[in-house]
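A.B. asks: Below: one structure in C-alpha cells.
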There are 4 protein chains.
Amino acid sequence: MAADTVDRAVLEDLAAASRILVDQGVFDAAGHVSMRHPERPDRFLMSRSLAPELVTADDIMEFTLDCAPCGHPSTPLGASEPKPFIERFLHGGIYQKRADVIAVAHGHSAAVIPFGLVNTPMRATYHNAAFLAAGVPVFDIRDRFGATDIVISSAERGAALADALGDKAVLLLRAHGFVAVAPDLPSAVFRAIFTEVSARVQLQAATLGGPMATLDEEEGRKADAINLATVGRSWELWKKRVM
Amino acid sequence: MAADTVDRAVLEDLAAASRILVDQGVFDAAGHVSMRHPERPDRFLMSRSLAPELVTADDIMEFTLDCAPCGHPSTPLGASEPKPFIERFLHGGIYQKRADVIAVAHGHSAAVIPFGLVNTPMRATYHNAAFLAAGVPVFDIRDRFGATDIVISSAERGAALADALGDKAVLLLRAHGFVAVAPDLPSAVFRAIFTEVSARVQLQAATLGGPMATLDEEEGRKADAINLATVGRSWELWKKRVM
Amino acid sequence: MAADTVDRAVLEDLAAASRILVDQGVFDAAGHVSMRHPERPDRFLMSRSLAPELVTADDIMEFTLDCAPCGHPSTPLGASEPKPFIERFLHGGIYQKRADVIAVAHGHSAAVIPFGLVNTPMRATYHNAAFLAAGVPVFDIRDRFGATDIVISSAERGAALADALGDKAVLLLRAHGFVAVAPDLPSAVFRAIFTEVSARVQLQAATLGGPMATLDEEEGRKADAINLATVGRSWELWKKRVM
Amino acid sequence: MAADTVDRAVLEDLAAASRILVDQGVFDAAGHVSMRHPERPDRFLMSRSLAPELVTADDIMEFTLDCAPCGHPSTPLGASEPKPFIERFLHGGIYQKRADVIAVAHGHSAAVIPFGLVNTPMRATYHNAAFLAAGVPVFDIRDRFGATDIVISSAERGAALADALGDKAVLLLRAHGFVAVAPDLPSAVFRAIFTEVSARVQLQAATLGGPMATLDEEEGRKADAINLATVGRSWELWKKRVM
C-alpha cells in the first residue's frame, strides 16, 4: 500500500488542528487528532508519534482503516517510515464503524477526566457544548479487557471503544481522557475545546448544588446545527494563533 | 438609511473594548460589545460578525434600533455590506427599552454560566462587583419560545430579553451567557469583567459553606458610584494592553 | 511640608513591588503597596493614583502619617502635585499604630475575598504562609460606619482598620480585599503573594472535607523566621521578571 | 573531597529539569531537583541555592550522600564555594536509602498541598499518574520532631522522610509539599508534573461526589511501565520550551 497524494492545505489544516488543541489548553505534551482521507474514505490521516505542539504537515502519515501505515501522503515513496502513534487504533476503530465521522480528536484534558471517574453524567451546560446534550457515554476498558495499561493499542480495543461511542459525538475513557468526533475537522476541534470548557462549567455549577437547567436534547440538536454552520469564525481565529 | 459619520476615536474605543474583553479572559472566540451612537440615540454601533480578538475600527457597523444595518460609519457609501452578528437583536432590544444604556457587552465566560443553570442567585462579592447588588435576573428563553437554538436572533427574542433585564445592570441567559449594560463604554467593559471575577469569587466562597456577607443594596449603590467615577484608571490600563 | 530626598534604588524597589504584585497575579488593575520612609519614620512613600502595573520610581509620593502629601521625594520642589490614592488612609492608619511595620500591601485578589465573606478563618496551609498561623482577623466596615462605599477613604476608617489588624500580619476586609504588613518591603510582597496562594490551597482542601492539619502557632513562628531570613532569593527573581 | 568531572550534557539536563518544572507550573520561586552522580552512586548533583527558574549547568554542585559539598563538577578546584540549598538533606536521605532512585524532585505546588493536610489519600486519576496507584504516604514532621520550622534541614530529618517514603514514587510532606522520585531524570520530572495534574483532577472529581474509579494497583503498574518507556516524547518537548 502506498500513500495517496493529498492537497497540502489539507495536511496543513490537520497539523494546525493539533497545535490549536495545545494552544487552547486541551492537549498537553500528548493528544492526537486525525481526519478521514478526503478522497479515499477507506484511509485516514494522522501525525507520526510526536508531541502535538510540534506537528507540521510533513509529519502526517496515511493509514488504512485497519491502522496499517501507508507512508507520507506528501513525501515520495521510499522515504523512511516514521513511527506512528500506538493509539491510532482508537481512530481507526471509529472510522470503521462510523461512516459519518470525518475527524477524531483524543486528549486528556484535566476538567474532563473527573466525569470518567464518577457517576455524574456530563451535560451540555451551554450552547457551545450542544453536542453533549445527546448524552456522553463512558468507556471502561476493564469491562472487556480486565486490568490493562489503559492504552488503546490494538484493533480489538479500538473496536470496543467505537462500540461504546455508538452514535454520539463524545466518549469519555475511564481514567484516561476523551474522544470527540465530528463531520468535519474544524467541528472536531470545536467539540474537543468545548467538551473541556463545559466540563469546567459543570464542575463549578456542581459546587453550587441543586438541579441544573442544562440544554435538553431538542435544544442541543438545534444549537448544534448553528454551531456546525458557524464554526468557521472560531476556526479561522484559532488557526491564525498557531500559524 | 446611510451610516452617519462618527469620530474615529469612538470607533477605536469600541473596537478596543472588544479586544480588552478577550485580553481579560471574558470573551473567547465569541462575544460582542456595542455602544449607542454618540449623536443619534436611535442608532447603535457594533462590529460585523468577527472573532472579538480581531475587531478593529474598520469593522464597526451602524444599526437602527430595529437592527437594520446602515453601513460603516467610517467608510464611503457604496462600500460592500459586511455580514452583521445574528445576535445584534440582543443589543437592539436593550437600546429600545433602556434610554439610560449607552453600552452593552455579551459573552459566555465560564464562571458566569453556572449561575444561569442553578437556583443560587449571583451576588456582589466585593466593591468591584457593586453593580450586582441590586440583583441579577436570569432569562430562560424556554419560558417564551420553547425549545430553541438558544441564539437571540430576532427582534422578539431581543425584546423578551430586555424585559427580563428590567432596570438591572447584568442579566444571565440560561445555558448561554450574560449581558452587562452601563451608562458608558468603559463601565460596560468594567462590569463584564467584574461579573466574571465576582462569579469566580462566589463559586469559591460557596465551597466554604455558610452565610455570605456580600454587599447589600445600599452598599452596592454607594460603591458603584465610586466605580463609575474612577473607571478611567482601569480603562486606560486595559486599553494600553491591547493597542 | 516638603518631600525629603530618598535614594533612587529605594524608590525603584517600591515601584517594582507594585509591578511584582501584578506579575504574580495578586494585583489586577488596582492595588497599592507603600513603605515607611527609610530615614523619617513619621513619613511614608506610596505611588500616586495609578494602575499598579504602570508604577515607576517617578510616581512615588511622600506622605505624613496623617496622609498629607509632601510631594515627590525624587523631584524638585514646585513640580506639579499628582493625585494621590484615596486609600492612602489605609496605609497611614497602620503606620501610625504599628511602629514595627515598614511596608504595607493592599489588594483584592480573588481567592482571598471568600474568607472575608464567610465564617471560615483563613489558616496557614504551608510553610510559605506561616505568617497566617497567628490568626487572620476580618474587618467589617459596617460595624463602625454602617452602609458605606467600602473604600478606606478617611483617617477614621484607616484607624478603625488598623485597630482590627492589631498585631497581626494580614487583615481581611469584608467584601473588599486584604492588607499584608511586614518589617521590610520584600517580606510584605512575599506575604501578599502567599496570602493569595494559601487561600487557594485552603479553598481546595475544603472541597475534600474533614479536619485540616495546617501549621499551628509555634510552627508558624518558626517557619516565618526562616521565610523572613530567606526572602531575598524570591525577591531577586520576582524583581528580575518586572525590570 | 573534590568534585568529579561530569559530562556537560548531564549538567545541562539537570538544570533544564529545574526550569521545566517552573515552566510547567510545578515550581514557583522555590523547588529543587537533583540526580545521582552518573558514575559515582555515592554522590549526587544539585543546584546551589537559587530560584529554580534561574538554574544553569554552572550552578550544579556535587555532594556526598551525607550532603557534604564537593564543589562544582564542571569548574576547576579552588573556585569559590557557592551556598547549597539547606534542603539538600531531603535528597541525600533518599539516595542513601533507595539505591533504585536516580532523580528526586521537591516542590510546593498548590494542588498537591491539600492532600497533605486532610485524610483523603491521593489517587491515580488517570494513566499519566499511574505511579500514584501504589499509594502516596504523608510525612508529618511533628511525629518525630515536634513543632519545627518544617524545613528538611538535617540528616535526621532527611532520614525520617526517606523512611516515610518507603518504596513509593511520591511522598507528601504535611503543610509543606511533595517529593517525587524515579529511576531517571525525565521520569522524575514527569512524575512531579503529573502529581500536580492528578491532584487537580482529584480535587475536581471530589466536588462531584460518589466513588471514584481511579486506577487500581495492577493497572497502575502496567500503565507506569508504558509511561517510563515513552517519557522521552514529553521530555524533548518540555526541554525545547526552556532552552
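A.B. asks: Evaluate peptide B:149-161: per residue, the Cβ atoms of other protein chains within 10 Å of its Cβ; return the mean as an integer. Mind showing how you got there, number by number?
C.D. replies: Details: counts 13, 10, 5, 0, 1, 0, 0, 0, 0, 0, 0, 0, 0.
Mean partner shielding for this stretch: 2.
A.B. asks: What average number of partner chain Cβ atoms lie no more than 10 Å from the Cβ of the residues making up D:107-117?
C.D. replies: Working: counts 0, 6, 1, 9, 4, 3, 12, 12, 3, 6, 14.
Partner-chain Cβ atoms within 10 Å, mean over residues of D:107-117: 6.
A.B. asks: While we're here: Once all Cα-Cα distances of the stretch B:65-144 are split into 5 Å bins that start at 0, what whole-number percent is in each one?
C.D. replies: 3, 10, 13, 20, 19, 13, 8, 7, 5, 2, 0
A.B. asks: Mind putting together the pair-distance distribution for the stretch D:115-159? All Cα pairs, 5 Å bins, whole percent per bin, short to long.
C.D. replies: 5, 19, 20, 17, 17, 13, 8, 2
A.B. asks: If you consider only alpha-carbon coordinates, what radius of gyration and Dmax does chain B have, in Å?
C.D. replies: 17.3, 61
A.B. asks: Taking 30 Å as R0, compute the FRET efficiency from the Cβ-Cβ separation of residue C:40 and residue C:167 and round it to 0.05.
C.D. replies: With R0 = 30 Å, the Cβ-Cβ based efficiency is 0.80.
A.B. asks: Something else now. Under 14 Å from the 7 Å Cα→Cβ point of residue A:23, by amide nitrogen: which residues of the stretch A:214-233?
C.D. replies: A:233
A.B. asks: Would you be so kind as to identify which of D:68, D:27, D:82 lies farthest towards the positive end of the dipole of the stretch D:1-93, taking Lys and Arg as +1 and Asp and Glu as -1 on Cβ and the Cα centre as origin?
C.D. replies: My answer, from the dipole projection, is D:68.
A.B. asks: Continuing with this model, one more query. Which aspartates and glutamates, if any, have their Cα less than 14 Å from the Cα of residue D:222, not counting same-chain residues under 8 positions apart?
C.D. replies: Partners within reach: A:149.
A.B. asks: Under the definition of partner shielding as Cβ atoms of other protein chains within 10 Å of a residue Cβ, what is the mean value for peptide B:120-131?
C.D. replies: Mean inter-chain Cβ contacts per residue within 10 Å come to 4.
A.B. asks: Okay, next question. Accessible area, 1.4 Å probe, largest first: how do B:221, A:157 sort? Numbers along the way, then the final one.
C.D. replies: Values: B:221 150, A:157 40 Å².
If we order B:221, A:157 from most to least accessible, we get B:221, A:157.
A.B. asks: Return a whole-number percent for the relative contact order of chain A, with Cα pairs under 8 Å and 6 or more residues apart as the contact set.
C.D. replies: Computed over chain A, the figure is 22 percent.
A.B. asks: Taking the Cβ-Cβ separation of residue C:119 and residue A:217 as r and a Förster radius of 41 Å, what is the calculated FRET efficiency to the nearest 0.05?
C.D. replies: The value I calculate is 0.45.
A.B. asks: Separate question: Sequence-distant or interchain residues sharing an amide H contact under 5 Å with residue A:109, placed H: which?
C.D. replies: A:178
A.B. asks: On to the next question. Test of understanding: in a Gaussian network model of chain C with alpha carbons linked when under 10 Å, which of C:69, C:186, C:82 would top the mean-square fluctuation ranking?
C.D. replies: C:82
A.B. asks: Where Rh is the Kirkwood radius over the Cα pairs of the stretch D:152-243, the temperature 37 °C and the viscosity 0.692 mPa s, what D in µm²/s does Stokes-Einstein return?
C.D. replies: Estimated diffusion coefficient is 214 µm²/s.
A.B. asks: I would also like to ask the following. In square angstrom, what is the accessible area per residue of chain B with a 1.4 angstrom probe?
C.D. replies: Heavy-atom accessible area per residue stands at 34 Å².
A.B. asks: What's the magnitude of the charge dipole for the stretch B:115-182 around its Cα centre, counting Lys and Arg as +1 and Asp and Glu as -1 at the beta-carbon? Answer in Debye, nearest 20. Present the calculation step by step, with values, prior to reporting the outcome.
C.D. replies: Numbers: 6 positive and 6 negative charges, 33 e Å.
About 160 debye.
A.B. asks: Along each of its three principal axes, how wide is the spread of alpha-carbon positions in the stretch B:1-78, in whole angstrom units, largest first?
C.D. replies: 36, 24, 22
A.B. asks: Something else: Return the calculated 222 nm mean residue ellipticity for chain B, to the nearest 500 deg cm²/dmol, obtained by summing -39500 (n - 2.57) across DSSP H runs with n ≥ 4 and dividing by the residue count.
C.D. replies: -12500 deg cm²/dmol
A.B. asks: Label point 7 Å out from residue D:7 along Cα-to-Cβ: which residues of the stretch D:152-190 have amide N under 15 Å?
C.D. replies: D:184-186
A.B. asks: Here's a follow-up. May I ask for the distance between the Cα centers of the stretch C:1-70 and the stretch A:196-222, given as a whole number of Å?
C.D. replies: Answer, in whole Å: 46.
A.B. asks: A follow-up question, please. Relative to the Cα centre, what is the charge dipole magnitude of the stretch C:182-223, using +1 at the beta carbon of each Lys and Arg, -1 at the beta carbon of each Asp and Glu, and rounding to the nearest 20 debye?
C.D. replies: 140 debye
A.B. asks: Which ³J(HN,Hα) values, rounded to whole Hz and listed in residue order, are derived for the stretch D:101-110 from phi using the Karplus coefficients 6.51, -1.76 and 1.60 in 6.51 cos²θ - 1.76 cosθ + 1.60 with θ = phi - 60°, glycine and proline given as x?
C.D. replies: 8, 10, 8, 9, 10, 9, x, 10, 5, 4
A.B. asks: Follow-up. Probe 1.4 Å, all protein chains in place: accessible area of residue A:243 in Å², nearest 10?
C.D. replies: For residue A:243, solvent-accessible area is about 140 Å².
A.B. asks: Which angle from 0 to 90°, rounded to the nearest 10, does the C-alpha axis of helix C:185-208 make with the longest principal axis of chain C?
C.D. replies: Rounded to the nearest ten degrees, it is 30.
A.B. asks: Once the dipole of the stretch B:73-133 is set up with Lys and Arg at +1 and Asp and Glu at -1 on Cβ about the Cα centre, which of B:93, B:125, B:104 lies farthest towards its positive end?
C.D. replies: B:125
A.B. asks: Continuing with the same structure: Farthest toward the dipole's positive end in the protein assembly as shown, which of A:195, A:146, A:165, given Cβ charges of +1 (Lys, Arg) and -1 (Asp, Glu) about the Cα centre?
C.D. replies: A:146
A.B. asks: With +1 assigned to the C-beta of every Lys and Arg and -1 to the C-beta of every Asp and Glu, and no other charges, what is the dipole magnitude of chain A about the Cα centre in debye, to the nearest 20?
C.D. replies: 340 debye
A.B. asks: Modelling each spin label as a point 7 Å along the Cα-to-Cβ direction, I'd like the residue C:241/residue C:155 distance in nm, to one decimal.
C.D. replies: Simple spin-label model gives 3.9 nm for this pair.
A.B. asks: Suppose we keep just the alpha-carbon trace of the protein assembly as shown; what are its Rg and Dmax in angstrom?
C.D. replies: 29.2, 89
A.B. asks: With no solvent and one point on each alpha carbon, what is the Debye value of log10 I(q)/I(0) for the stretch D:47-180 at q = 0.12, 0.13, 0.15 Å⁻¹?
C.D. replies: Log10 of I(q)/I(0), two decimals: -0.51, -0.60, -0.78.
A.B. asks: Wrap a convex hull around the Cα atoms of the stretch D:193-232, take a quarter of its surface area, and give that in square nanometres.
C.D. replies: 3.3 nm²
A.B. asks: Helix D:8-23 sits at what angle to the longest principal axis of chain D, using alpha carbons and giving 0 to 90 degrees rounded to 10?
C.D. replies: Between the helix axis and the principal axis of chain D, the angle is about 40 degrees.
A.B. asks: What percent do you get for the relative contact order of the stretch D:108-243 when only Cα pairs under 8 Å and 6+ apart count?
C.D. replies: Taking the mean separation of contacting Cα pairs over the length of the stretch D:108-243, I get 37 percent.
A.B. asks: Now for a separate question. At 1.4 Å probe size, what's the solvent-accessible area of residue C:143? Round to the nearest 10 Å².
C.D. replies: Only protein atoms counted, so the area is about 130 Å².
A.B. asks: In terms of modelled amide H atoms, which long-range or inter-chain residues lie less than 5 Å from the amide H of residue C:61?
C.D. replies: Result for residue C:61 returns C:46, C:47, C:48.
The values are calculated or read from the model by the stated rules, or taken from the named source; none is laboratory data. The structure displayed is predicted, hence computed values, not measured ones. Cβ sites come from the backbone with ideal geometry, for glycine too, and all protein chains shown count toward neighbours. Quick note on the areas: whole protein, heavy atoms, side chains included, nothing else; ligands and nucleic acids left out. Shrake-Rupley method; radii C 1.70, N 1.55, O 1.52, S 1.80 Å.
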